[in-house]
Amino acid sequence: MANQGIGIDVFVNLQKAISDTVKGSKVMAASMAKNIAGPLNAVANTIALSTIAGLAVALTAGGKAAIEFEDAFAMVKKTMAEVDDPEVFKSIAADLQNIATQIPITSSELAGLASVAGQLGVAANDVATFTEVVGKLSVATNMTGTQAATSLARFLNVTGETTDTVGKFG
């Protein structure tokens with residue numbers, strides 16, 4: 001019987017040792033998780049904040065560019081007061097924004113050139129082409145867009161060409 005008591009004591013002590021080891025492991029795991037969680041949370045917060053800041057900058061810049069274009073395009077509408085169809089202006093605006101993706105001039109600057117085209121009497125159907133040629137000319141030379149537009153208009157006048165043929169110069 002004494003051997004049974006020793007066997008039970010050994011079993012109880014073994015069970016207690018395993019239980020203590022499991023509890024210690026749980027405490028150690030919790031401590032490790034806590035030590036790792038702090039830096040991971042900081043990294044996650046930094047990434048989230050950077051992403052939000054980047055999106056805010058992008059949305060603000062995009063909004064600012066759209067506002068600048070609309071302001072500049074208002075001058076196009078003023079210089080082409082004889083045009084009554086809003087679809088013509090939508091088409092010109094879309095053309096200018098498309099041109100801005102092809103040459104290194106912003107759509108707002110192109111709208112400024114288009115307003116000069118309107119002042120020079122360029123027909124509504126030819127404004128986008130005229131503006132593109134003038135934009136390319138101003139990029140390729142040291143002339144400003146206004147100087148390029150005026151020079152091109154004078155050239156067309158001297159050669160007897162009309163603005164509908166300006167595309168062959170670009």
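The values are calculated or read from the model by the stated rules, or taken from the named source; none is laboratory data. The structure displayed is predicted, hence computed values, not measured ones. Because the Cβ atoms are built from the backbone with ideal geometry, glycine has one as well, and the counts that use them run over all protein chains shown. These accessible areas exclude ligands, DNA and RNA; they are computed on the full protein's heavy atoms, side chains included. Shrake-Rupley method; radii C 1.70, N 1.55, O 1.52, S 1.80 Å.
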Q | Probe 1.4 Å, protein heavy atoms only - accessible area per residue of the range 101-148 in square angstrom | A | 45
Q: May I ask for the equivalent-ellipsoid semi-axes of the range 69-157, computed as the square root of five times each C-alpha gyration tensor eigenvalue and listed largest first in whole Å?
A: 19, 15, 10
(Q) Report the gain in length on full extension from Val88 to Phe155: 0.36 nm times residue separation, minus Cα-Cα distance, nm rounded to one decimal. (A) 21.5 nm
**Q.** Karplus 3J(HN,Hα) series, Hz, for the range 133-149 with 6.51 cos²θ - 1.76 cosθ + 1.60 (x for Gly, Pro)
**A.** 5, 5, x, 5, 5, 5, 6, 7, 10, 9, 7, 6, x, 5, 5, 5, 5
Q: For the range 67-170, state which GluC sites (Glu not before Pro) are in a DSSP loop and have at most 14 other beta carbons lying within 10 Å of their beta carbon.
A: Glu82, Glu161
